Structure formats: C-alpha cells, structure tokens
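S.K.: This is the structure I want to talk about, given as structure tokens.
The values are calculated or read from the model by the stated rules, or taken from the named source; none is laboratory data. From a predicted model like this one, the values you see are computed outputs, not experimental measurements. Note: ideal-geometry Cβ built from the backbone for every residue, glycine included; neighbour counts use all protein chains shown. The area values use the complete protein model at the heavy-atom level, side chains included, leaving out ligands, DNA and RNA. Shrake-Rupley method; radii C 1.70, N 1.55, O 1.52, S 1.80 Å.
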Amino acid sequence: MSRHRPVHVSLPIEQVVGRMRRAAGYDAVRRGVAACIGRTDFRIVHVSIQADHLHFIVEADDKQALKLGMQGTAISIARQLNR
C-alpha cells in the first residue's frame, strides 16, 4: 500500500435502503463524503453512485488509514441515509 497509489473500493448497499440513484441517495453520499474531507491520511478522489452499491477511488497513507477512512465514510453515509 502506497499513499501515492489510488485504491478502488466497492461498498454494497442493502436492498432495504432502496435505490441510491435518486436525490436522497445523492445528498446522503455528498454529505457523508463531505464529513470525511478533513482527514489528512485518507483522501476520496472519486465516487460513483450505482443503484445498489458505491464505488470509491481513494488514496490512503497506509492500510490502517484506509480501514478507518472507509469505516468513517460508510458510517457518515449511513447516518445521512437514516435521517
């Protein structure tokens, strides 16, 4: 793992949440990603919203930063979806 090499991460979405490609889904992802912008060891480079999953291109300083960054992002998005 190198902080200069992007990583592709796929995040599945449970069916009970519904389709993500609607206004509420876009807003939840946007707010969830915005909550993680301040991290210096983890950077989200690109997000692709699909109907039942999300794709991320991220950069992280190490495996721990990748793990914690994606956990924080997933939790932030889930909280926004549950609003």
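S.K.: Rank 72, 32, 18 by mean-square fluctuation in a GNM of the chain with C-alpha springs under 10 angstrom and give only the top-ranked residue.
M.R.: Maximum among the listed residues: 18.
S.K.: OK, next. Just want to confirm a number: the relative contact order over the chain, from Cα pairs under 8 angstrom separated by 6+ residues, in percent. Write out the running numbers ahead of the final one.
M.R.: Numbers: 125 pairs, mean separation 35.1, N = 83.
Answer for the chain is 42 percent.
S.K.: Still on this model: Could you tell me what percent of the accessible area of the chain is made up of carbon and sulfur, with a 1.4 Å probe and every protein chain present?
M.R.: Working: 2770 of 5440 Å².
Solvent-exposed carbon and sulfur of the chain make up 51 percent of the total.
S.K.: Next question. Candidates (i) -0.63, -0.70; (ii) -0.88, -0.94; (iii) -0.70, -0.77; which is the computed log10 I(q)/I(0) by the Debye sum over Cα atoms at q = 0.18, 0.19 Å⁻¹?
M.R.: Label of the calculated value: (iii).
S.K.: Grab the DSSP H runs of the chain that are 4 residues or longer, score each as -39,500 (n - 2.57), total them, divide by all residues and round the 222 nm result to the nearest 500 deg cm²/dmol. Let's see the in-between values first.
M.R.: Values: 2 runs with 32 residues, N = 83.
So the calculated ellipticity at 222 nm is -13000 deg cm²/dmol.
S.K.: Please name whichever of 45, 24, 9 sits farthest to the positive end of the charge dipole of region 1-51, dipole taken about the Cα centre and charges placed at Cβ: Lys and Arg +1, Asp and Glu -1.
M.R.: 45
S.K.: Please compute the length gained on full extension between residue 26 and residue 68, using 0.36 nm multiplied by the number of residues separating them and subtracting their Cα-Cα distance.
M.R.: Values: separation 42, 0.36 × 42 = 15.12 nm, distance 2.25 nm.
Gain on stretching residue 26 to residue 68: 12.9 nm.
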